[in-house]
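Below is one structure, written out as structure tokens, with a few remarks after it.
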Ligand code: NAP
């Protein structure tokens, strides 16, 4: 059975991705930062599809923990066929008010964490000459957003990393892609005011926020044989917001 690791899978988009991959036949390592209960719910969702799952705690922004996460996933479930770099945070603020701490926290988790996890994964994939990696970027990384310079920089950085890595490892049979979701209804966007929510709806041609499942289906597709000729791509899942 194919094996996947999804970081940030205790809730939101990551939990939906773990569920979709299990539906498609993957055993899933459920990475999480602090929400052990949420991670167990995701494990239950995966096992309900008849697949194996394990919850693994690690702060992806800490190199040893990120490496340990990949090693533990492979020890528990076997060599990784798919890795989804989904763990992420926001620390929003107007540019002139972003502290060095909030800048670093967002870059460390969203970008450097993805680097640590994918680097630890690629070694084995190169040996096996197969595997696929999907990074969860954001439409904000493509078009920018006032109040999110740190987050937009991290998400744009992910796209640069994905495209470079895709060129490096494509000849060895490894595919690397990104998705760029728009506004998705999760804890991350729960803080939006009604006014802000309405503004997002108005700016989105499809007239609604996305669901975690909207993102999960596309990520599962990218991890599937149907996407065998897709690498270095960024697929927007934003209801047309970034058009
Ligand atoms: P969420 O509900 O806030 O969940 C974030 C997940 O990331 C949680 O599982 C959390 O784990 C994990 N995480 C955070 N920091 C971590 C760290 N240092 N180490 C390990 N895990 C960590 O967010 P979401 O909305 O599902 O977002 C998931 C991804 O999609 C993020 O990369 C986000 O930037 C991206 N995205 C979201 C939207 C949106 O509108 N929601 C749009 C575009 C892109 P614990 O809870 O266990 O700590």
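Data overview
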{"quantity": "Paired Rg and Dmax values of segment 55-166, which use every Cα atom, in angstrom", "calculated": "14.8, 47"}
{"quantity": "Among 126, 94, 85: highest mean-square fluctuation, GNM of the chain, C-alpha pairs under 10 Å", "calculated": "94"}
{"quantity": "Principal-axis tilt of helix 36-47 within the chain, Cα atoms, nearest 10 degrees", "calculated": "60"}
{"quantity": "Selected from 181, 79, 205 as most flexible by GNM, with the chain as the system and alpha-carbon contacts under 10 Å", "calculated": "205"}
{"quantity": "Average Cα contact separation per residue, the chain, under 8 Å, 6 or more apart, as relative contact order %", "calculated": "19"}
{"quantity": "Value of D in µm² per second that Stokes-Einstein yields for segment 1-45, Kirkwood Rh from Cα pairs, at 20 °C (1.002 mPa s)", "calculated": "217"}
{"quantity": "Alpha carbon centroid spacing (whole Å) that separates segment 50-85 from segment 156-210", "calculated": "23"}
{"quantity": "Segment 1-127: Rg to Rh, with Rh as the Kirkwood radius over Cα pairs", "calculated": "1.01"}
{"quantity": "Hydrodynamic radius of the chain per Kirkwood, over alpha carbon pairs, in Å", "calculated": "17.7"}
{"quantity": "Two-decimal Rg/Rh across segment 100-145, once Rg and the Kirkwood Rh are taken from alpha-carbon atoms", "calculated": "1.11"}
{"quantity": "Between helix 113-128 and the chain: long-axis angle, C-alpha atoms, 0 to 90°, nearest 10", "calculated": "30"}
{"quantity": "Alpha-carbon Debye profile of segment 100-203, log10 I(q)/I(0) at 0.23 Å⁻¹", "calculated": "-1.21"}
{"quantity": "Fewest-first ranking of 188, 161, 1, 125, using other Cβ atoms within 10 Å as the exposure measure", "calculated": "1, 188, 161, 125"}
{"quantity": "The chain: angle of helix 194-203 to the longest principal axis, Cα-based, in degrees nearest 10", "calculated": "80"}
{"quantity": "Value of [θ]222 nm, deg cm²/dmol, for the chain, DSSP H segments ≥ 4, -39500 (n - 2.57) each, nearest 500", "calculated": "-14000 deg cm²/dmol"}
{"quantity": "Kirkwood hydrodynamic radius of segment 172-230, Cα pairs, Å", "calculated": "13.3"}
{"quantity": "Percentage relative contact order, segment 193-243, counting C-alpha pairs under 8 Å, at least six apart", "calculated": "47"}
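Coordinate-derived values only; no laboratory data. All values reported here derive from a predicted model rather than from experimental measurement. As a convention, Cβ positions derive from the backbone with ideal geometry for all residues, glycine included, and neighbour counts pool all protein chains shown.
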